[in-house]
Amino acid sequence: MIEFKGTYFDGRSSKAYAVSIQSDGQRIRIAGNADGLPLLFPLGKCRLTPPLGRTRRSILLPNGGRCDTADLRAFGKLESLKGDNRILRLVNFFESRWRLVVGCLAGLIACVWMFTAHGIPFAAKKVAYSLPPETMESVSERTLQALDDGFFKPSALSQKKADHLQNIFRQLIADVDSGFHYRLVLRSSPRAGPNAFALPSGIIVMTDELVKLAENDRELIAILVHETAHVENRHGLRMLFQNTGVFLLISVLAGDVASITSIAATLPTILVESGYSRQFEREADLAAGMILVGKGWGTRPLQTVLQRLSEKQPEFSGPAAMSTHPQTRKRISYLQDLEASLTR
């Protein structure tokens, strides 16, 4: 039995009557010192007004009358018995508990951060490693075409120099057995400047400006090794998918390979204007550094070309993909530490 105090209005005048309200879950009884009282109504015929902060609540009676009460706890019990205002009661529950709301908001922010910082990169990596070779080929060809249309011109290197570079590249990938179809593409690009790009299928694009910046074959090999590390680790695809975020997850869940291919149109701009993330550059530096140390050269060739790229970079409109200024100093320091740890 629920019992609480309230004020009764008969609906015909503005006079208020102090009453006692009782309910057994089936009926509601209103008793007090007024003409026509007590009254008895089926609870199902009464309407309970929705909660609004800490304001008084009302029972709208079938006879046109109304009972108001400030006993919100008892009214809530009556509301639960009747099954009214479920959603609004939940809203009011949060409205009246600001600490809980702040806690929920903090939890939501933390979840969004975790999803953005870890969930999306995890999903991007899984998808990048699961794509079939045909899809990577399609993405790479579309990206190369877009780069040719918007950023590149035909290489102006001499045939002798171009052949020399192709020979270096063939020797470099001779022992690589990872399933990628590596290909070196030479282009000129005053806009992109000294740059190199690794496309998902294994196409490595190197600009004339970068070739001229390198002072010897070891520096060129260091660049090429670094770029093949981007390919092996699917950095281009992972970066592409991380930038598309939720769209990526929806496409994957729906098995929509066509959508995954279509978003490759954004990859050229990402590569030229933004470059790789610090994490991806660190992974590529690690792989390249280990190979260079294994050749007995140490990491000096990669360090020097990075330093030169950093100094040359301000002359061009876009950042060099190999050099993420002002992080070059940290990358060089990392390469020095890596070499020291591998040669102890």
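Please treat every number below as a calculation from the coordinates, not as lab data. Since the model is a prediction, treat every value here as computed from it, not as a measurement. Here the Cβ positions follow ideal geometry from the backbone for every residue, glycine too, while neighbour counts run over all protein chains shown.
For the reader, a short list of remarks on this structure follows.
- Formal net charge of residues neighbouring residue 333 (Cβ-Cβ distance under 14 Å; K, R +1; D, E -1): +2
- Residues with amide H under 5 Å from that of residue 49, placed H, sequence gap 5 or more: 58, 60
- Diffusion coefficient of region 2-95 by Stokes-Einstein, Kirkwood radius over Cα pairs, 37 °C, 0.692 mPa s: 245 µm²/s.
- With 28 Å as the limit on Cα-Cα distance, the pairs of 126/153; 125/312; 161/295; 5/45; 45/77; 160/312 that go past it are 126/153; 125/312.
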